[in-house]
Amino acid sequence: MVEMHHMELLAKTIRLLGVDPRSRVLRNNQEIYWNAAYVYYGYSVCDKLAADIASKWAAIVAYRDHQQRIGAPYIKELLERSIRDEYHHIVYLMRLCRNTASSDNITLKY
């Protein structure tokens, strides 16, 4: 639910800047839109959670990069709020993974 809220805030901000928001990246000057191939299904619950945690860290890195590139204070604050949320998500997901691992007698290595 929080992820959708981030997307909504970001989309509204992008629209206010006069741009049509799209879930895509540019690679070699080619637009590549988000699709189901980006979903990682994993092999176990902890495997999926670890992938989610890694994606949260990657999002934080991307948000920090955007903060460096963008001068608008409002957008920087929007990104900062998303970063704070991502940190909370990481803590929550790590706790879930630890609880799942302990109930399945799995040793985690971070």
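Laboratory data are not the source of any read-out in this text; all were calculated from the coordinates shown. It should be emphasised that the depicted structure is a prediction, and the values quoted were computed from it without experimental measurement.
Overview of results
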{"item": "Listed residues LEU79, LEU16, LEU96, most fluctuating in the chain (Gaussian network, C-alpha, under 10 Å)", "result": "LEU16"}
{"item": "For the range 1-83, the spread of Cα positions along each principal axis, largest first, Å", "result": "41, 29, 24"}
